[in-house]
1. Using Cβ contacts closer than 10 Å as the measure, can you line up Met37, Met115 from fewest to most?
2. Hey, for a label at Ala127 modelled as a point 7 Å past Cα toward Cβ, could you say which residues of the stretch 39-73 have their backbone N under 14 Å away?
3. Could you list Asp197, Asp119 in order of exposure, starting from the residue whose Cβ has the fewest other Cβ atoms within 10 Å?
4. Using a Förster distance of 30 angstrom, determine the FRET efficiency expected from the C-beta separation of Ile52 and Ser109, and round it to 0.05.
5. With Cβ to Cβ distances under 12 Å as the rule, what net charge do the other residues near Thr59 carry (K, R +1; D, E -1)?
6. If amide hydrogens are placed 1.01 Å from N in the peptide plane, which non-local residues have theirs closer than 5 Å to the one on Leu207?
7. At Asp2 and Lys190, where each label point lies 7 Å from the Cα along Cα→Cβ, what is the point-to-point distance in nanometres?
8. For Phe31, list long-range residues whose amide hydrogen, built 1.01 Å from N in the peptide plane, is under 5 Å from its own amide hydrogen.
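Please treat every number below as a calculation from the coordinates, not as lab data. Computed from a prediction, not measured in an experiment: that's the story for all the values here. Note that we place each Cβ from the backbone using ideal geometry, even for glycine, and neighbour counts take in every protein chain shown.
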Amino acid sequence: MDNPNMALYERLRSVPEEAKKPITAGRLKGFTDINPMWRIKVLTEAFGPCGIGWWYKITDKHLEGNGQEIRAFVDIELYYRWNGEVSQPVPGTGGASFLTMEKNGAYTSDECYKMALTDAISVAAKALGVAADVFYAKDRDKYTQREDDPPRPQGQQQPPQQRQPAQRPAPQQNPPEEGFVPTCADCGVKIDDRVHDYSVRRFGRPLCRDCQKKA
């Protein structure tokens, strides 16, 4: 190899097909899910058993709320031995849902911290090149054209403005009465004021997040 600095990256970048699973729905549609045990396997192959050749330290874990939903977050520092030396800490932050509002009410996950930890290890390992081929091929930013976007005119590097979904005009709404609790017009679940106002503007009636996806 011409560049010795790329030795570890090249060793960890490729993901076998059996460890990949396409995401076919939701906000991450078009991306690829990677089996977390494959990640553990390649780290162990490269550095040795966990706790000896590579290890991590949890530096923080906490919950953050947003409206009626709460997410769990875990911060770690990943360490590894390479050429006889112990690395500097490689940071990683992962998140997972703790409390989500569903049609039948609130759902609480008792595995949120475990899932957030798995996500944090993924983030830290990515800095070493783990699964780089998947992330390099699939990651997008606001300047990257999505597969389902229409072709851009020749020579135009960026769209003149961001596409906005067509919006229905919002009907006139009377001010809510004191003690008013907004609910979804389709399934009847309670929704917060922000979800209520957005769905009325966007769909012409109050809808929960799940019913908005079906509208």
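1. Least crowded to most crowded, the residues run Met37, Met115.
2. Counting only backbone N, you get 55-60.
3. Asp197, Asp119
4. After rounding, the FRET efficiency stands at 0.40.
5. -1
6. Ala185, Ser199, Val200
7. With each label point 7 Å from Cα toward Cβ, the separation is 6.3 nm.
8. Ile23
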